[in-house]
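What follows is a single structure, written as structure tokens, with notes after it.
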Amino acid sequence: MAVTASANTGKLAKPVKPPAPAGSLSAWWQAVPLTAVFALFFVVPLALILMVSFWDFDQYQMTPDFSFQNYLAVFEGCFDSGEMCVTFKTYLSTFKFCLLVWLITLVIGFTVAYFVAFHVRSGTMQTLLFVLCTIPFWTSNVIRMIAWVPLLGRNGLVNQGLVGSGLVSQPVDWFLFSDFSVVLALVHLFTTFMIVPIFNSMMRIDRSLLEAANDSGASAWQTLWNVIIPLSRTGIIIGSIFVITIVMGDFVTIGVMGGQQIASIGKIIQVQSSYLQFPLAAANAMILLALVMMIIWALTRMVDIRKEL
């Protein structure tokens with residue numbers, strides 16, 4: 001801030017605050033549309049779900065109220081007996097799928113991104129392979145899930161091939177409508193969410209660092225572990241957030257590929273909504289949101305995403 005002296009008294013006058021930059025006001029106006037969309041389609045619906053989660057309901061109507069009964073109903077019987085309640089079992093099942101899918105997509109996504117970023121020299125070929133990774137998004141998730149049914153079914157192509165080759169004497173039943181088929185479909189659907197951010201991080205790595213590691217006598221594994229993985233951490237975290245948040249709330253894939261026999265938190269919320277138990281479904285949704293936010297918070301503690309981006 002500028003400081004001026006009085007001509008008559010010789011005393012220092014009040015500091016003169018410089019005028020605000022001309023672009024600052026326009027920047028605020030530019031942020032208004034995005035803020036309005038965010039508030040209209042995220043904040044307001046979330047606030048409504050939170051409000052409804054405290055309402056009372058019966059078989060015919062919902063009654064505005066402020067009660068924690070819906071939250072208590074979610075964990076009803078969980079602390080009264082030594083056995084694990086249905087809610088805890090469902091959350092464990094959801095976390096199991098989430099962990100398996102995250103681990104498999106991380107391995108596949110990192111491997112594909114590493115190959116495209118460091119072993120494909122042509123920029124045109126990199127672009128082509130990157131576009132190929134996005135091809136699954138050109139079709140509906142439901143179509144991609146249904147495509148596994150004629151492959152993994154009891155009379156599907158995989159079982160016909162195994163029986164015809166003599167590897168098994170009868171068709172394998174657990175290929176379809178099982179935990180295996182659920183994990184397979186989720187990995188198929190969401191691996192791209194892991195490939196894209198990791199590939200983006202790897203492409204930003206200074207190749208001179210790899211040359212320096214090679215000149216220092218580091219092996220390929222040492223370079224991978226000490227240089228590439230730490231510098232790809234931002235992409236790994238972003239991809240992990242994408243995969244974990246989607247799998248935690250998924251109910252369509254688990255319902256279709258699990259034969260409507262495997263429970264998940266998203267499936268419970270969907271069933272409660274279909275039975276018009278909206279306050280109870282809203283309470284479950286808020287609990288799930290809180291858990292997902294805790295996971296995201298823990299992941300973002302590992303790296304400052306805003307700084308790295």
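Listed values, structure above:
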{"item": "SER273, SER140, SER181 arranged by Cβ crowding within 10 Å, fewest neighbours leading", "result": "SER140, SER273, SER181"}
{"item": "Kirkwood hydrodynamic radius over Cα pairs of segment 85-308, then Stokes diffusion coefficient at 37 °C and 0.692 mPa s, in µm²/s", "result": "166 µm²/s"}
{"item": "Residue order, fewest to most beta carbons within 10 Å, for MET51, MET145", "result": "MET51, MET145"}
{"item": "Histogram of C-alpha separations across segment 46-133, 5 Å bin width, %", "result": "3, 11, 11, 10, 10, 11, 8, 7, 7, 8, 7, 5, 2"}
{"item": "Sorted by Cβ neighbour density within 10 Å, fewest at the top, the residues TRP225, TRP55", "result": "TRP225, TRP55"}
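Quick note: the coordinates plus some simple rules give every number you see, no bench work behind them. Owing to the predicted nature of the structure, the values given are computational and were not obtained by experimental measurement. Cβ atoms come from the backbone with ideal geometry, glycine included; neighbour counts cover every protein chain shown.
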